[in-house]
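Enquirer: Sharing a structure with you now.
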Amino acid sequence: MTHDLTRWSAARMADALARREISAVELTQAHLDRIAAVDGAVHSYLHVDGEGALAQAQAVDDARGRDEDLHVMAGVPIAVKDVIATSGLPTTCGSRILAGWVPPYDATLVTKLKAAGMPILGKTNMDEFAMGSSTEHSAYGPSRNPWDLERIPGGSGGGSSSVLASFQAPLAIGTDTGGSIRQPAAVTGTVGTKPTYGGVSRYGLVALASSLDQAGPCARTVLDTALLHAVIGGYDPRDSTSIHAPVPEVVRAAQRADVTGMRIGVVKQLTGEGYQPGVQARFEESVQLLVDAGASVVEVDCPNFRFALAAYYLILPSEASSNLARFDAMRYGLRVLPDGVEDPSAEQVMAATREVGFGAEVKRRIILGTYALSSGYYDAYYGQAQKVRRLIADDFSRAFEVADVLVSPTAPTTAFKIGEKLDDPLAMYLNDVATIPANLAGIPGMSLPSGVADEDGLPTGFQILAPATQDQRLYAVGSALERELASRWGGHLLDRVPELATTGAEVTK
Ligand code: GLN
C-alpha cells in the first residue's frame, strides 16, 4: 500500500489528503521509505531531511484535524534542488566549496512551499553550480537515470528529474539557466517548466548567470507541474527582476487542455539534422497529434538561433565569473590554507580555497568569463554576444506573430552513458542547443515526454515555447498532447521504468 502511494500523481495525493483518506505523515513516510530503499542506487538526493519533513507533515495533519483552511497542496511532499537556500538545511550547489554551508534563510520559493504546507524531503543533486547537462560535474558523484542506471538523468538538475522517475518524490524544484529543467525532464520521461524570466522569484537561488536563471516546477504530469507552478510563482519585492503581475492561469489551462484553433510553429532550426532519428520521429508524431486535436501547424524560421549556443557560452561564463567571485574563503563554506606558506595573505587563502573547492568545469567557465569581460575584449566577446541575444529575441517576436506556441524536440538525443561526454565539453554543450534560445530571450518553455526512441527504448522530450508572460499556453498544449499520448500508450510512460532493486543501501545524507 505505502509503496503504491509514491506512484500517485501529486493531484491525486492532494485530493486524497483533502478527503482524509490518507494522512500527510503516512504520505511523507512512504516517500522516506522509498528513498531509503532506492536512493543508494539512483543518488538523487544530496541531503534527506526525514525529521523535518515528518514534522511539517504532522503540522498539516494537526491543522486538518482542527478543520483549518489548508492550501490545496498541503501535505504533498517535495524535493528541492540544492542550488536553493533552505534555512537549517545544507545548500552545497553540488560543490565542495560550499560543503557544510547551512543558509540562515529560506529562498522565497521555499517560504511559499512551507506556507502551502508542503513537506520538504531533501535537497537534490546537480552539476556543480548548475554547470552541465548530466550531473557528472557534481562534486558528490553523479545521479543516475532510473530508466538505465548506466545513463545520465540530464543536468544540471538530474537529481530533480531522477527523483521523480524513481518515485522518490512526486514534485521537485529545478532551475533553468540554459535548459537544466527541460533537458533532464526530456531524458527521464518527466515534465518540467522554465517559467517566464521573473515569473518565479530568484531570491535565495545561488546565482549562476543572473540574467538567465529561472527556478521552476518539475513533476510527472502536466497538471502536477501547473499545481506547483501556481504555488511558487508570483511577484517578490526581494527580486528586482520579478514580474509585477499575477501568476498566469496555468492550472486552469492544464485542466482545460484545449488547443482548438491554436497555431503551432515548428522551428526549422531546431529539428531535423543533428537530432537522433527516434527523437525526431516522436516529435513529428506529437505535432500530428496536436493537429488531430484541433491545432494548425506552420513552419517558422529563426535564422539567428544558429548563434545561440555561442552567445550563451560567452554570456553565461561572464556572469558566472562575476557571481562566483563571492566564494572567497572568507564568507561561506570551505577555507583552505596554502601549503607551506607562513602568514598567508587573503589572496593566497582565496587562491588555495578556489583551487581545491571548484571543479574543472567551474574553473573552465570562470577563466572563459574573466577573459571575455577583460578590457580590450569586452566589446568583441561579451558585447557581441549581447547583440546576438537581441537578434534571437527578434526572431522569437517574428515567430510569435504567426504562431501561438513554438515546438521542437527538447534535446537532440536520448540519455547518453555516464562518462561518454565528460571529457568533451563541446559535446556536452550541444545538449542545450534547443533549450538555450528561450533563456536568452526570457520566454517560458516546457518539456514533456513524447515517447521512447525505437533505437534504444529511452524517453524523448517535446519542447513547447510561448511568448513572455503567456506560460498558460505551455500547459494548454502540453496537457492536450499528454492526453492524446496517454490514450495511445494506455497509461503513463513512467510505468515502463524498470523496477529498481531495493537494496536498502545507505542513503547519502
Ligand atoms: N547545460 C547548461 C549549462 O551547462 C544549462 C545549465 C543550466 O540551465 N543551469 O550551462
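The values are calculated or read from the model by the stated rules, or taken from the named source; none is laboratory data. Everything quoted here is computed from the prediction, not taken from an experiment. With ideal geometry, Cβ positions are generated from the backbone for all residues, glycine too; neighbour counts draw on all protein chains shown.
Enquirer: Take the range 207-226 and flag every residue that is within 21 Å of A320 (Cβ to Cβ), crowded, with 24+ Cβ neighbours inside 10 Å and out of contact with any Leu (no Cβ under 8 Å at 6 or more places or on another chain).
Expert: Q214, G216
Enquirer: Of the numbered conditions (1) buried (at least 20 other Cβ atoms within 10 Å of the Cβ); (2) of a type outside the set (D, E); (3) in a helix (DSSP H, G or I); (4) under 25 Å from the mean Cα position of the chain (by Cα), S408 fails exactly one; give the number of that condition.
Expert: (3)
Enquirer: Would you mind stating whether D471 is crowded, with 24+ Cβ neighbours inside 10 Å and either at pLDDT 95 or above or not hydroxyl-bearing (S, T, Y) (or both)? Give the steps one after another, and end with the answer.
Expert: On the way: crowded, with 24+ Cβ neighbours inside 10 Å: yes; either at pLDDT 95 or above or not hydroxyl-bearing (S, T, Y) (or both): yes.
The answer is yes for D471.
Enquirer: Evaluate the range 132-139: report whether one residue or more is within 16 Å of the ligand (Cβ to nearest atom) and surrounded by fewer than 24 Cβ atoms within 10 Å (Cβ to Cβ).
Expert: So the first thing to find is which residues in the range 132-139 are within 16 Å of the ligand (Cβ to nearest atom), and the list is 132-139.
Remaining after also requiring surrounded by fewer than 24 Cβ atoms within 10 Å (Cβ to Cβ): 136, 139.
Within the range 132-139, one or more residues are within 16 Å of the ligand (Cβ to nearest atom) and surrounded by fewer than 24 Cβ atoms within 10 Å (Cβ to Cβ).
Enquirer: Can you confirm whether V266 is part of a helix (DSSP H, G or I), in contact (Cβ under 8 Å) with a residue 40 or more places away in the chain and farther than 13 Å from Y475 by Cβ? Outline the logic, then answer.
Expert: On the way: part of a helix (DSSP H, G or I): no; in contact (Cβ under 8 Å) with a residue 40 or more places away in the chain: yes; farther than 13 Å from Y475 by Cβ: yes.
The answer is no for V266.
Enquirer: Tell me the residue from A441, A427, A453, A411 that is touching a Gly at 6+ places or on another chain (Cβ under 9 Å) and either within 16 Å of the ligand (Cβ to nearest atom) or over 15 Å from F283 (Cα atoms) (or both), please. Outline the logic, then answer.
Expert: On the way: A441 fails: touching a Gly at 6+ places or on another chain (Cβ under 9 Å); A427 fails: touching a Gly at 6+ places or on another chain (Cβ under 9 Å); A453 fails: either within 16 Å of the ligand (Cβ to nearest atom) or over 15 Å from F283 (Cα atoms) (or both).
Criteria check complete, one pass: A411.
Enquirer: Something else now. Taking the residues in the range 308-327 that are out of contact with any Lys or Arg (no Cβ under 9 Å at 6 or more places or on another chain) and hydrophobic (A, V, I, L, M, F, W, C) as candidates, determine which candidate is surrounded by the fewest Cβ atoms within 10 Å (Cβ to Cβ).
Expert: Only one residue tops the list, namely A325.
Enquirer: Could you grab me the full set of residues in the range 253-292 that are in contact with a helix residue (DSSP H, G or I) (Cβ under 8 Å, 6 or more places away or on another chain) and of a type in the set (D, E)?
Expert: Those that are in contact with a helix residue (DSSP H, G or I) (Cβ under 8 Å, 6 or more places away or on another chain) and of a type in the set (D, E): D258, D292.
Enquirer: Right, G132: within 17 Å of A207 (Cβ to Cβ) and assigned to a loop (DSSP other than H, G, I, E, B) or not?
Expert: Details: within 17 Å of A207 (Cβ to Cβ): yes; assigned to a loop (DSSP other than H, G, I, E, B): yes.
The answer is yes for G132.
Enquirer: Looking at T175, T190, T135, T108, which is the one that is under 18 Å from G216 (Cβ atoms), in contact with a Phe, Trp or Tyr (Cβ under 7 Å, 6 or more places away or on another chain) and not basic (K, R)?
Expert: Details: T175 fails: in contact with a Phe, Trp or Tyr (Cβ under 7 Å, 6 or more places away or on another chain); T190 fails: in contact with a Phe, Trp or Tyr (Cβ under 7 Å, 6 or more places away or on another chain); T135 fails: in contact with a Phe, Trp or Tyr (Cβ under 7 Å, 6 or more places away or on another chain).
Within the list T175, T190, T135, T108, the selection yields T108.
Enquirer: Of the residues that sit in the range 274-307 and are among the charged types (D, E, K, R) and under 18 Å from N431 (Cβ atoms), which one is surrounded by the most Cβ atoms within 10 Å (Cβ to Cβ)?
Expert: Pass one, the range 274-307, residues among the charged types (D, E, K, R): 282, 284-285, 292, 299, 301, 306.
So of that shortlist, the ones also under 18 Å from N431 (Cβ atoms) come out as 282, 306.
Details: R282: 24, R306: 12.
The extreme case among them is R282.
Enquirer: If we scan the range 143-150, do we find a residue that is acidic (D, E), under 18 Å from P184 (Cβ atoms), in a loop (DSSP other than H, G, I, E, B) and within 16 Å of the ligand (Cβ to nearest atom)? Spell out the reasoning first.
Expert: Filtering the range 143-150 down to residues acidic (D, E) leaves 148, 150.
From what's left, under 18 Å from P184 (Cβ atoms): 148, 150.
With in a loop (DSSP other than H, G, I, E, B) added as a condition, the list becomes 150.
From what's left, within 16 Å of the ligand (Cβ to nearest atom): none.
Checked the range 143-150: no residue is acidic (D, E), under 18 Å from P184 (Cβ atoms), in a loop (DSSP other than H, G, I, E, B) and within 16 Å of the ligand (Cβ to nearest atom).
Enquirer: Looking only at the range 329-374, how many residues end up being out of contact with any Lys or Arg (no Cβ under 8 Å at 6 or more places or on another chain), touching a residue at least 24 places away in the same chain (Cβ under 8 Å) and in a loop (DSSP other than H, G, I, E, B)?
Expert: Within the range 329-374, residues that are out of contact with any Lys or Arg (no Cβ under 8 Å at 6 or more places or on another chain), touching a residue at least 24 places away in the same chain (Cβ under 8 Å) and in a loop (DSSP other than H, G, I, E, B) number 1.
Enquirer: Cβ contacts < 7 Å: first residue near the ligand (Cβ under 10 Å from one of its atoms), restricted to the range 313-328; second residue small (G, A, S), any location; separation 6+ or different chain. Result?
Expert: L316/G178; L316/A209; P317/G369; P317/A372; A320/A209; A320/G369
Enquirer: If I ask for residues that are at positive phi and among the hydroxyl-bearing types (S, T, Y), which ones from the range 451-475 would you list? Can you show your working first?
Expert: Quick first cut of the range 451-475, residues at positive phi only: 451, 457, 469.
Once the filter is applied, which keeps residues that are at positive phi and among the hydroxyl-bearing types (S, T, Y), the range 451-475 yields only T469.
Enquirer: Give me the pairs, please: first residue somewhere in the range 233-262 and under 24 Å from V110 (Cβ atoms), second residue anywhere and at pLDDT 95 or above and of a type in the set (D, E), beta-carbon distance under 7 Å, and either six or more positions apart or on two chains.
Expert: What qualifies is S242/D236; P248/D471; V250/D471.
Enquirer: Given the options A501, A468, A438, name the one that is part of a loop (DSSP other than H, G, I, E, B) and under 30 Å from Y140 (Cα atoms). Reasoning before the result, please.
Expert: Numbers: A468 fails: under 30 Å from Y140 (Cα atoms); A438 fails: part of a loop (DSSP other than H, G, I, E, B).
Sole residue among the options that is part of a loop (DSSP other than H, G, I, E, B) and under 30 Å from Y140 (Cα atoms): A501.
Enquirer: Do we find that L422 is part of a loop (DSSP other than H, G, I, E, B), surrounded by fewer than 24 Cβ atoms within 10 Å (Cβ to Cβ) and within 14 Å of the ligand (Cβ to nearest atom) in this structure?
Expert: Working: part of a loop (DSSP other than H, G, I, E, B): yes; surrounded by fewer than 24 Cβ atoms within 10 Å (Cβ to Cβ): yes; within 14 Å of the ligand (Cβ to nearest atom): yes.
When the stated conditions are applied, L422 passes them.
Enquirer: Here is a further query. Residues of the range 39-59 being more than 15 Å from P170 (Cβ to Cβ) and among the aliphatic types (A, V, I, L, M), which ones?
Expert: Passing the criteria: A41, V42, L46, V48, L54, A55, A59.
Enquirer: Continuing with the same structure: Suppose we keep only residues that are aliphatic (A, V, I, L, M) and not in a helix (DSSP H, G or I) within the range 158-205. Which one would you say is farthest from N125 (Cα to Cα)? I'd like the intermediate steps shown before the answer.
Expert: Narrowing the range 158-205 to residues aliphatic (A, V, I, L, M): 163-165, 169, 171-173, 181, 185-187, 191, 200, 205.
Filter again for not in a helix (DSSP H, G or I), leaving 169, 171-173, 181, 191, 200, 205.
Values: A169: 14, L171: 15, A172: 12, I173: 11, I181: 13, V191: 18, V200: 21, L205: 15 Å.
So, considering only residues that are aliphatic (A, V, I, L, M) and not in a helix (DSSP H, G or I), the one farthest from N125 (Cα to Cα) is V200.
Enquirer: Could you list, in sequence order, the residues of the range 89-131 that are within 15 Å of the ligand (Cβ to nearest atom) and polar (S, T, N, Q)?
Expert: Going through the range 89-131, the residues within 15 Å of the ligand (Cβ to nearest atom) turn out to be 93-95, 124-131.
If the condition is that a residue be within 15 Å of the ligand (Cβ to nearest atom) and polar (S, T, N, Q), then S95, T124, N125 are the ones that fit.
Enquirer: Out of the residues in the range 329-369 meeting the condition of being β-branched (V, I, T) and within 27 Å of the chain's Cα centre (by Cα), tell me which one is farthest from L314 (Cα to Cα).
Expert: At the first step, the residues of the range 329-369 found to be β-branched (V, I, T) are 336, 341, 349, 353, 356, 362, 366-367.
Those left that are additionally within 27 Å of the chain's Cα centre (by Cα): 362, 366-367.
Values: V362: 14, I366: 11, I367: 11 Å.
Among residues in the range 329-369 that are β-branched (V, I, T) and within 27 Å of the chain's Cα centre (by Cα), the one farthest from L314 (Cα to Cα) is V362.
Enquirer: If you don't mind, another one. Scanning for something surrounded by fewer than 24 Cβ atoms within 10 Å (Cβ to Cβ) and away from the ligand (no atom under 11 Å from the Cβ), does the range 175-187 turn up at least one residue? Walk me through it before giving the result.
Expert: Here is the first cut: in the range 175-187, the ones surrounded by fewer than 24 Cβ atoms within 10 Å (Cβ to Cβ) are none.
There is no residue in the range 175-187 that is surrounded by fewer than 24 Cβ atoms within 10 Å (Cβ to Cβ) and away from the ligand (no atom under 11 Å from the Cβ).
Enquirer: Just to be sure I understand, how many residues within the range 321-367 are over 28 Å from P425 (Cβ atoms) and among the aliphatic types (A, V, I, L, M)?
Expert: Count: 5.
Enquirer: With the requirement that a residue be part of a loop (DSSP other than H, G, I, E, B) and either over 24 Å from A311 (Cα atoms) or hydrophobic (A, V, I, L, M, F, W, C) (or both), what does the range 441-462 give you? Spell out the reasoning first.
Expert: Keep residues of the range 441-462 that are part of a loop (DSSP other than H, G, I, E, B), which gives 442-444, 453-458.
I443, A453, D454, E455, D456, G457, L458, listed by residue number.
Enquirer: Another question, then. Tally the residues that are surrounded by 16 or more Cβ atoms within 10 Å (Cβ to Cβ), in a loop (DSSP other than H, G, I, E, B) and small (G, A, S), restricting the search to the range 237-263.
Expert: Going through the range 237-263 one residue at a time, the tally reaches 2.
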